[in-house]
Amino acid sequence: MFKIILFFLGIFLTSFGIFFTLIYTNLLTMGYSFGEFVKFIISTTEFYLIFLGLICLFISLERRKKK
């Protein structure tokens, strides 16, 4: 049951992070350079939710080795 909840939490966090990262690409049309854009994206917490979600997914999909 724990792995199922962790799996759905990972999907939610990863989707949330990617969604907002794609929304922030509109900053490029407002005159930001690519370097400024990358610096801004790295400073947001939504960007780190992608990695947290991926870690949750990998933990939930990990199988234990049988002896």
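The values are calculated or read from the model by the stated rules, or taken from the named source; none is laboratory data. All values derive from a computational prediction rather than experimental measurement. Here Cβ is always computed from backbone atoms with ideal geometry, including for glycine, and neighbour counts include all displayed protein chains.
Here are some notes:
- For segment 1-59, the candidate set comprises residues that are of a type in the set (S, T, N, Q), assigned to a helix (DSSP H, G or I) and surrounded by fewer than 13 Cβ atoms within 10 Å (Cβ to Cβ); within that set, the residue that is nearest to the chain's Cα centre (by Cα) is 45.
- Check on residue 34, at pLDDT 90 or above and of a type outside the set (Val, Ile, Thr): no
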